[in-house]
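The values are calculated or read from the model by the stated rules, or taken from the named source; none is laboratory data. Worth saying up front: this structure is predicted, and the values here are computed from it rather than measured. FYI the Cβ positions are ideal-geometry reconstructions off the backbone, even for glycines, and counts take in every protein chain you see.
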Amino acid sequence: MCKNVMMNKEIFDKYFKKDFISLIKDKVAVVRVQMAKTISHHFLVELNGTYVDDQDFNDAVRILQKDRSNDVRLLVRDIIPKTSVPQTKSATSE
């Protein structure tokens, strides 16, 4: 479901983005695995995904690539996060 909602940037930014990004800090590995699966799909399958150029998502990829869980790291290993992306109005800055 999250994959489909992410394609609607206005709704995802308003209701889900901040909480979704916060999952990178979740203590439960399975939660981080699911997040990594969603982000991996978005970056590698949905090549024109809404958040491929988003700074928060690229930062999240970097963090997940250093996760203590090998399963999480494996899911995001093929994503090359952008080092600097154009700044856009972020839902987290409201």
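Within segment 5-44, being hydroxyl-bearing (Ser, Thr, Tyr) and at pLDDT 95 or above holds for one residue alone: 22. Scanning segment 47-54 for any residue that is modelled with pLDDT of 90 or more, farther than 19 Å from residue 6 by Cα and either acidic (Asp, Glu) or not in a loop (DSSP other than H, G, I, E, B) (or both) turns up nothing. The set of residues from segment 11-32 being without any contact (Cβ under 8 Å) to a residue 24 or more places away in the chain, exposed (fewer than 14 other Cβ atoms within 10 Å of the Cβ), part of a helix (DSSP H, G or I) and not hydroxyl-bearing (Ser, Thr, Tyr) comprises 11, 19, 25, 30. Evaluated against (1) part of a helix (DSSP H, G or I); (2) over 15 Å from residue 66 (Cα atoms), residue 35 falls short on exactly one condition, (2).
Of the set (1) at pLDDT below 95; (2) part of a loop (DSSP other than H, G, I, E, B), all apply to residue 68 but (1). Do we find a residue being closer than 24 Å to residue 70 by Cα and among the aliphatic types (A, V, I, L, M) anywhere in segment 9-21? Yes, segment 9-21 has at least one match. Of the numbered criteria (1) under 20 Å from residue 81 (Cα atoms); (2) in contact with a helix residue (DSSP H, G or I) (Cβ under 7 Å, 6 or more places away or on another chain); (3) exposed (fewer than 14 other Cβ atoms within 10 Å of the Cβ), the one residue 52 fails is (3).
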